[in-house]
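Where a number appears in this text, it was derived from the coordinates with a stated rule and is not lab data. Just so we're clear, the structure is a prediction, and the values are computed from it rather than from any experiment. Virtual Cβ from ideal backbone geometry, glycine too; neighbours counted across all protein chains shown.
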Amino acid sequence: MNKIPVPEHIKKLVPYPPGKPIEELKRELGIDKIIKLASNENPLGPSPKALEAMKKAVEKVNRYPDGSAFYLKEKLSSKLRVKQDNLILGNGSNEIIELVFRTFYQPGDNVVSAEITFAVYPIIAQAIGAEYRAAPMKDLRYDVERLKELVDDRTRLVFISNPNNPTGTYITTEEFEFLIKSVPETTLVILDEAYFEFVDRKDYPDGLKFFEKYPNLLVMRTFSKTYGLAGLRIGYGVGSGDVVDYLNRVRQPFNVNLVAQEAALAALDDEEYVEKVKTLTHNSLKWFYSEVEKMGLEYVPSVTNFFLIKVGEGKKVFEELLKKGVIVRSMDGYKLPEYIRVNIGTEEENEFFIRSLREVLGK
Ligand SMILES: Cc1ncc(COP(=O)(O)O)c(C=O)c1O
């Protein structure tokens, strides 16, 4: 045992639950087909254009990546109609979450978000020793009034997952504006739009329309979901020039790897692929709803590529599904023990999931 003192908040830290590798599960369970609908990933694989770019890029990995991500920033800036100085790239948007803590948090500050939201916010808050305040939800949606009540002049960061993981719900433009107007100018609001491209609602706020008006707003997006590049780890943030400037000072110089930069560049050109992903997602969700309704189960309607189903004993259903080779997410860690979270797979995977769920529930 080493004698290095470990801070109390680190001792109490519970790591983000990693899934087992699929190959390992196959071996353990003695089955050869496993489908994973547990991490809100894209089931279609990367776009063919991105794949092509990656193959070429691997030949250059004896070189460090371009630390300024010049070409990717150039393309993102013209596509999103923002200045390059407003862009920060990250090793996944997860890294940007960590960066905002490392950049802006000071001892005594607190952080506000919702009770049932992306697990990484409280994990990083705890890792850094920050006070994390979780506002109760209303009908499994962020309740902006309750969030507002928790904010004070020492609230440095407010995290909004929109759409929200794991509930699949969203806050409207009106709710978003209410919240950002009600926090002090010294509070950075992080609008996490990891699932932005899936949403098809008129009253859903596009964060990029607001960051110029509110210099204390940072919008985050990722290539992990609609663009199918989760394994490469690349995401970005858009915010006011000085927020981005400070984040850039803190980040590691080569935080976004060379293959990821090239793949993201190519993926941005593949609009056909993104459309295909969105169509599959919307059609599959509708199909899932009708199948779940036929089983007489309740579910939470979602605007993104995953949704919650109320199955009774979520953990048990999760375990039974696992035995059949279907990996979903049990929600007991999120204080929703009656639910499982499932993301959209390929049509074949979706059918396999529904068949397995029927068997498990005896429906
Ligand atoms: C709300 C939310 N934000 C961020 C992320 C992380 O994305 P990335 O892969 O870019 O780190 C996820 C991934 O599941 C997510 O659900």
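Please list, ordered by chain and number, the residues whose modelled amide H lies under 5 Å from the amide H of Val326; skip anything fewer than 5 residues away on the same chain.
It is Ile35, by chain and number.
Between their Cα atoms, which of Lys33/Lys73; Lys73/Lys276; Lys11/Lys60 are more than 29 Å away from each other?
Lys33/Lys73; Lys11/Lys60
For Val158, what residues show an amide H to amide H distance below 5 Å, using hydrogens built from the backbone and excluding near sequence neighbours?
Counting only residues 5 or more places away or on other chains, the set is Val112, Leu188, Val189, Ile190.
Per-residue HN-Hα couplings for the range 327-338, Karplus 6.51 cos²θ - 1.76 cosθ + 1.60 at θ = phi - 60°, whole Hz, x for Gly and Pro?
Residue by residue, the range 327-338 yields 9, 10, 10, 7, 10, 5, x, 9, 6, 10, x, 8 Hz.
State whether the chain is rounded, prolate or oblate according to the following rule on the C-alpha gyration tensor (a ≥ b ≥ c being the square roots of its eigenvalues): a/c under 1.5 gives rounded; otherwise a/b larger than b/c gives prolate, and the remaining case gives oblate.
The shape class here is rounded.
Just want to confirm a number: the relative contact order over the chain, from Cα pairs under 8 angstrom separated by 6+ residues, in percent.
Across the chain, relative contact order equals 23 percent.
Taking square-rooted eigenvalues a ≥ b ≥ c of the alpha carbon gyration tensor, is the range 305-363 rounded, prolate or oblate, where a/c under 1.5 means rounded and, failing that, a/b exceeding b/c means prolate?
oblate
Would you mind calculating the gained length between Leu80 and Arg63 on full extension (0.36 nm times residue separation, minus the Cα-Cα distance), in nm to one decimal? Provide the component values of the computation, followed by the final result.
Working: separation 17, 0.36 × 17 = 6.12 nm, distance 2.88 nm.
Residue separation times 0.36 nm, minus the Cα-Cα distance, leaves 3.2 nm.
Would you please name the GluC sites (Glu not before Pro) within the range 311-363 that are DSSP coil residues with at most 16 other C-beta atoms within 10 Å of their C-beta?
Counting only loop positions with at most 16 other Cβ atoms within 10 Å, the GluC sites (Glu not before Pro) in the range 311-363 are Glu313, Glu338.
In the structure displayed, which of Lys20/Lys324; Lys315/Lys335; Lys138/Lys286; Lys294/Lys315; Lys138/Lys209; Lys49/Lys225 lie more than 20 Å apart, Cα to Cα?
Lys138/Lys286; Lys294/Lys315; Lys138/Lys209
Please list, by residue number, every one of the trypsin sites (Lys or Arg not before Pro) in the range 127-176 that is coil in DSSP and has at most 15 other beta-carbon atoms within 10 Å.
Arg154
Expressed in nm to one decimal, what extension gain is obtained for the pair Val6 and His282 from 0.36 nm per residue of sequence separation less their Cα-Cα distance?
Going from the current span to full extension adds 94.6 nm.
How high is the FRET efficiency from Asp269 to Glu338, r the C-beta distance, R0 56 Å, rounded to 0.05?
0.85
Aspartates and glutamates near Lys316 by alpha-carbon distance under 19 Å, same-chain residues fewer than 8 away left out - which ones?
Here the aspartates and glutamates satisfying the reach criterion relative to Lys316 are Glu28, Glu298, Asp332, Glu338, Glu359.
Suppose R0 equals 25 Å; then what is the FRET efficiency for Lys294 and Lys315 from their Cβ-Cβ distance, rounded to the nearest 0.05?
Computed FRET efficiency for Lys294 and Lys315: 0.55.
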